[in-house]
1. Go through the range 73-115 residue by residue and tally those that are surrounded by fewer than 18 Cβ atoms within 10 Å (Cβ to Cβ) and closer than 20 Å to Asp163 by Cβ.
2. Inside the range 118-135, can you point out the residues that are surrounded by fewer than 23 Cβ atoms within 10 Å (Cβ to Cβ) and among the β-branched types (Val, Ile, Thr)?
3. What pairs come up if the first residue lies in the range 175-192 and is closer than 23 Å to Arg138 by Cα and modelled with pLDDT of 95 or more, the second is in a loop (DSSP other than H, G, I, E, B) and among the basic types (Lys, Arg), and their beta carbons are under 8 Å apart, counting only those six or more places apart or on different chains?
4. Would you be able to tell me the number of residues in the range 183-210 that are loosely packed, with under 14 Cβ neighbours inside 10 Å and farther than 24 Å from Phe144 by Cα?
5. Within the set of pairs 6+ apart or on separate chains, which have a first residue in the range 34-61 that is more than 27 Å from Tyr227 (Cα to Cα), a second that is assigned to a helix (DSSP H, G or I), and C-beta atoms under 8 Å apart?
6. Restricting to the range 27-57, and then to whatever is loosely packed, with under 15 Cβ neighbours inside 10 Å and among the hydrophobic types (A, V, I, L, M, F, W, C), can you tell me which residue is nearest to the chain's Cα centre (by Cα)?
7. If you check every pair at least six apart or on different chains, which have Cβ atoms under 9 Å apart with a residue in the range 204-219 that is farther than 28 Å from Trp46 by Cα and without any contact (Cβ under 8 Å) to a residue 40 or more places away in the chain first and a residue that is open to solvent by less than 30 Å² (accessible area, probe 1.4 Å) and of a type in the set (Phe, Trp, Tyr) second?
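The values are calculated or read from the model by the stated rules, or taken from the named source; none is laboratory data. Only a predicted model underlies this, so the values are computations on that prediction, with no experimental measurement involved. Cβ: placed from backbone, ideal geometry, glycine included. Neighbour counts: every protein chain shown. Calculation scope for accessible area: heavy atoms of the full protein, side chains included, ligands and nucleic acids excluded. Shrake-Rupley method; radii C 1.70, N 1.55, O 1.52, S 1.80 Å.
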Amino acid sequence: MASLPEVSDAELEQQLAYYSARAPEYDDWWHRRGRFDEGPEANAAWLAEVDQVVQVLDAAAITGDVIELAAGTGTWSIHLARRATRLTVVDGAPAALARNPVVGQPHVISVVADLFTWEPDRQYDAVSFTFWVTHVPRERLDDFWARVARTLKPGGRVFFADDRASATDAPHVVAAEGQLMTRALDDGRTATIVKNFYEPHELASAAARAGIDLTAGGTPRYFLYGYGTRAGA
């Protein structure tokens with residue numbers, strides 16, 4: 001692949017601002033409401049593939065002291081909170097965490113932090129991040145996986161899920177070029193975000209360089225997923 005222009009700090013700031021503004025409408029995308037409602041047949045296909053990814057999460061053995069990066073409005077926090085004895089949810093957008101339904105539960109800790117500068121203050125049994133790794137610039141991918149490894153205890157588990165390239169057909173996508181995508185909010189405002197549709201082998205290789213044995217794959221149309229273990233158990 002030809003080298004792509006690097007993502008600037010200003011573009012990363014715009015990405016965070018977009019997700020702060022999108023927090024009130026984010027769940028419409030996940031639950032296929034409003035402009036994301038594609039009709040009974042397409043919605044059923046989406047939900048069937050969601051179930052496949054939940055089954056991967058079940059097999060990933062994400063239990064114990066768990067941290068979720070880019071927890072957002074809690075689509076996957078709900079699943080993790082049922083499995084964890086303690087769950088830490090981290091996101092750069094306070095507006096998203098304010099809508100996360102697990103925040104406030106006795107065993108849940110919430111942290112507002114920029115994931116491009118955040119560092120863990122301890123190690124965890126498991127780390128999860130969903131619909132985040134596609135927002136990581138290619139030039140920062142190795143750094144991100146190294147941070148994931150630092151977050152895990154030896155033998156710790158990892159799980160992720162994300163979009164496949166079919167996401168470029170979503171109704172809020174205005175344009176996509178290189179590492180960047182332009183999206184529209186419900187009120188018509190637009191913003192530029194990072195969106196890299198990594199192949200499973202790219203993510204497995206990057207994880208391996210960080211000392212994580214990762215199995216990555218995808219559902220037929222919508223989702224990329226992966227699970228694995230940090231070396232050293």
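1. The qualifying residues number 1.
2. Thr134
3. Gln179/Lys195; Leu180/Lys195; Met181/Lys195
4. Total satisfying the criteria: 5.
5. So the pair list comes out as Gly34/Asp28; Arg35/Asp28; Phe36/Asp28; Phe36/Trp29; Asp37/Asn43; Glu38/Trp46.
6. Result: Val54.
7. As it stands, the answer is Ala208/Trp145, since those pairs meet every condition given.
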